[in-house]
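Just so it is clear, none of the values below were taken in a lab; they were calculated from the coordinates. Computed from a predicted model, the values in this text were never measured in an experiment. For neighbour counting, all protein chains shown are included, and Cβ atoms are generated from backbone atoms with ideal geometry for every residue, glycine included.
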Amino acid sequence: MNGLLNWILWLPIIGMVGVLLTPKAKENAARYVTLATTFITFVLTLILWCKFDNTATTMQFAVKFPWIESFNINYSIGVDGLTLPMTILNGLLFFLCTLSSWTVEKSVKSYFALILMLQASVFGVFFSLDFFLFYVFWEVMLIPMFFLIGIWGGENREYAAIKFFLYTFFGSIFMLVGIIALYYATGKGVDSFNILAHQGGKFVAEQVVIFGHSFSFEHLFFWFMFLGFAIKVPIFPFHTWLPHAHVQAPTAVSVILAGVLLKMGTYGFLRILYPIFPQAANDYSTIVAVLGLISVIYGAFCAMAQDDVKKLVAYSSVSHMGFVMLGIASMSTQGMTGAVLQMFNHGTSTAMMFLLIGILYERSHHRWIVRPDGSKGFGGLSTQLPKYTTVFIIGMFASMGLPGLSGFISEALIFLGMYNRFTTITVIAVVGLLIGAAYLLWMFKRMFFGEVNPDCKEYEDMNAREVFYMVPLCIIVIVFGIFPSPLLNMMKVSVGQLVDLLAKFA
């Protein structure tokens with residue numbers, strides 16, 4: 001089964017070539033090629049899950065062979081309990097986003113080709129076990145995102161695309177410096193680009209001289225790598241690119257951005273930053289926790305202030321990713337398990353919210369809860385769109401973390417894991433949950449209750465295609481809210497190994 005990862009990784013590229021080869025006069029063929037490719041890829045991720053051994057302590061389905069031998073760079077990929085949830089999520093969301101993009105009319109072939117290129121690059125980031133390969137996929141991901149936002153986005157799409165690119169590229173430069181430093185610190189040997197070989201606190205005693213001054217290698221390059229991942233999450237104060245990118249991006253791209261691209265940052269913390277620099281991770285855990293707390297509270301207050309429903313959900317992502325950072329900073333089994341679970345759960349619940357906003361936008365051509373002139377943008381939607389309202393309620397409550405839905409389990413585990421290490425921060429972070437409930441319920445009240453806005457009387461309820469791509473997400477947030485064991489069992493061993501490693505340097 002070692003070839004399974006290669007199929008998952010490269011099938012979207014094959015599909016992209018197929019899309020580009022479709023005749024321009026038959027643009028509908030590009031849609032079906034993309035749909036078939038993303039569906040097969042998603043099925044392969046489910047097969048991967050079925051074949052996955054929850055008790056294994058090493059990377060599974062690993063593939064490794066020399067790539068650039070003179071510099072000991074290898075094509076090396078594999079999955080473990082940290083990787084697999086993101087792999088399944090990536091496969092699912094791209095399939096659903098293809099269905100949601102069926103109405104795209106502008107440069108259809110280019111749009112779907114870029115979507116498939118983006119999916120392959122995200123898989124590459126999650127699978128890579130070689131630093132050089134990881135960095136290549138990390139940077140390649142910028143190309144399709146830049147064009148998807150810049151060409152198919154809203155009125156200020158160029159500004160949003162450039163800001164997204166510059167912020168992420170800025171962080172990537174610092175990450176690259178860290179990768180180069182690790183290469184030389186390991187003596188440019190056989191495993192100099194091997195991510196797993198660097199783990200275990202091997203650089204605790206290392207010193208590096210910069211501008212004539214000696215610094216701790218571990219502590220200095222912890223912050224270099226931190227910056228690259230923190231911008232992607234994004235953690236306050238590196239978050240300002242996110243609302244612009246979300247609001248201007250087309251619906252499917254907003255879903256992918258919130259659902260999986262933000263998780264690349266937190267995955268970097270779990271796969272690279274903490275295992276390679278465990279002493280620094282312990283020393284700076286309070287700073288990481290405080291930044292996570294600020295993201296939770298600040299993101300929630302910013303969401304409450306929005307009159308644009310899409311920007312509201314964008315800021316809610318800042319708040320929810322703050323909870324992930326709190327779980328990571330806790331360095332406990334419960335907290336880190338909750339963080340990984342929240343990465344998956346946030347991916348599904350926020351995908352629901354952005355897809356629902358996209359459905360409404362197709363009918364209204366605006367996203368205003370309250371228009372700039374003070375008039376209501378929406379009103380009385382519950383009586384006009386009953387099916388839409390039902391799905392919206394499920395997505396909203398899942399995002400809120402209501403017991404019985406998926407968000408509750410992950411947030412509860414994060415708080416359980418945080419309490420012993422950061423009692424005060426835990427208590428304050430609970431306020432973020434309260435504010436989250438407030439802004440979501442206030443938004444729902446203004447949009448769905450009250451007098452029916454005259455414009456809303458013309459809106460049609462969800463059609464069969466829209467119901468088809470929303471139902472799987474509804475099922476997931478309910479099933480994993482009641483029975484999260486399949487996901488928890490999947491990540492148990494990998495999280496346990498990471499917590500044990502960090503405990504040695506506490």
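Ordering Phe65, Leu182, Phe42 by the projection of their Cα atoms onto the charge dipole of the chain, which places +1 on the Cβ of Lys and Arg and -1 on the Cβ of Asp and Glu, puts Phe42 at the extreme positive end.
Once a ≥ b ≥ c are taken as the square roots of the eigenvalues of the Cα gyration tensor of segment 64-128, is the result rounded (a/c under 1.5), prolate (a/b larger than b/c) or oblate (a/b not larger than b/c)? Oblate. Candidates Gly432, Thr350, His198 compared by Cα position along the dipole of the chain: farthest toward the positive end lies Thr350, with charges placed on Cβ.
Here Lys492 and Asn156 are evaluated by their C-beta separation; at R0 = 51 Å the FRET efficiency comes out at 0.70. Ellipticity at 222 nm from helices only: DSSP H runs of n ≥ 4 in the chain, each -39500 (n - 2.57), divided by the residue count, give -22500 deg cm²/dmol. Full extension of the chain segment joining Thr58 with Ala25 gains 7.0 nm, where the gain is 0.36 nm per residue of separation less the Cα-Cα distance. Against the chain, whose longest principal axis comes from its Cα atoms, helix 217-232 is set at around 10 degrees. Given R0 = 30 Å, the distance between the Cβ atoms of Trp10 and Thr424 translates into a calculated FRET efficiency of 0.05. Judged by the ratio a/c of the largest to the smallest principal axis of the C-alpha gyration tensor, segment 177-307 counts as prolate, that ratio being 1.5 or greater while a/b is larger than b/c. Once the Cα-Cα distance is subtracted from the 0.36 nm per residue extended length, the Asp455 to Val467 segment shows a gain of 2.1 nm. Our coupling estimate for segment 464-479, obtained by passing each phi through the Karplus curve with A = 6.51, B = -1.76, C = 1.60 and θ = phi - 60°, is 4, 4, 5, 5, 4, 8, 8, 4, x, 5, 4, 5, 4, 5, 7, 4 Hz, Gly and Pro reported as x.
Given their separation in residues at 0.36 nm each and the Cα-Cα distance between them, Ala305 and Val140 gain 55.9 nm when the chain is fully extended.
The phi torsions of segment 41-50, fed into the Karplus equation with coefficients 6.51, -1.76 and 1.60 and a -60° offset, translate into couplings of 4, 4, 4, 5, 5, 5, 5, 4, 4, 5 Hz, rounded to whole numbers, with Gly and Pro shown as x. Note on Leu46/Val370: beta-carbon distance plugged into 1/(1 + (r/R0)^6) with R0 of 30 Å gives a FRET efficiency of 0.10. According to the square roots a ≥ b ≥ c of the eigenvalues of the Cα gyration tensor, what is the shape class of segment 386-489, taking rounded for a/c under 1.5, prolate for a/b larger than b/c otherwise, and oblate for the remainder? Oblate, because a/c is 1.5 or more while a/b does not exceed b/c.
Grab the other residues whose beta carbon is less than 12 angstrom from that of Val391, score K and R as +1, D and E as -1, and report the net.
Its environment carries a net charge of -1.
How many angstrom lie between the Cα centre of segment 290-366 and the Cα centre of segment 1-75? Here the answer is 28 Å between Cα centres.
Summarising the amide proton neighbourhood of Val370: residues at separation of 5 or more, or on other chains, whose placed amide H is nearer than 5 Å comprise Gly377. Roughly how many whole Å is it from the C-alpha centroid of segment 127-158 to that of segment 172-214? If you average the Cα positions of each part, the centres end up 26 Å apart. Only one residue of Thr87, Ser254, Ser285 has its Cα farthest out toward the positive end of the dipole of the chain, where Lys and Arg carry +1 and Asp and Glu -1 on Cβ, and that residue is Ser254.
Less than 15 Å apart at the alpha-carbon level, and either on another chain or at least 8 residues along: which aspartates and glutamates does that give for Lys26? Within the straight-line limit of under 15 Å, Lys26 reaches these aspartates and glutamates: Glu105. Please give the helix 142-152 orientation as an angle from the longest Cα principal axis of the chain, in degrees from 0 to 90, rounded to the nearest 10. With both axes taken from Cα atoms, the answer is about 10 degrees. Projecting label points 7 angstrom from Cα along Cα→Cβ for Thr390 and Asp191 puts them 5.5 nm apart.
For the residue pairs Lys202/Lys263; Lys163/Lys376; Lys232/Lys311; Lys51/Lys492, the C-alpha atoms sit more than 20 angstrom apart in Lys202/Lys263; Lys163/Lys376.
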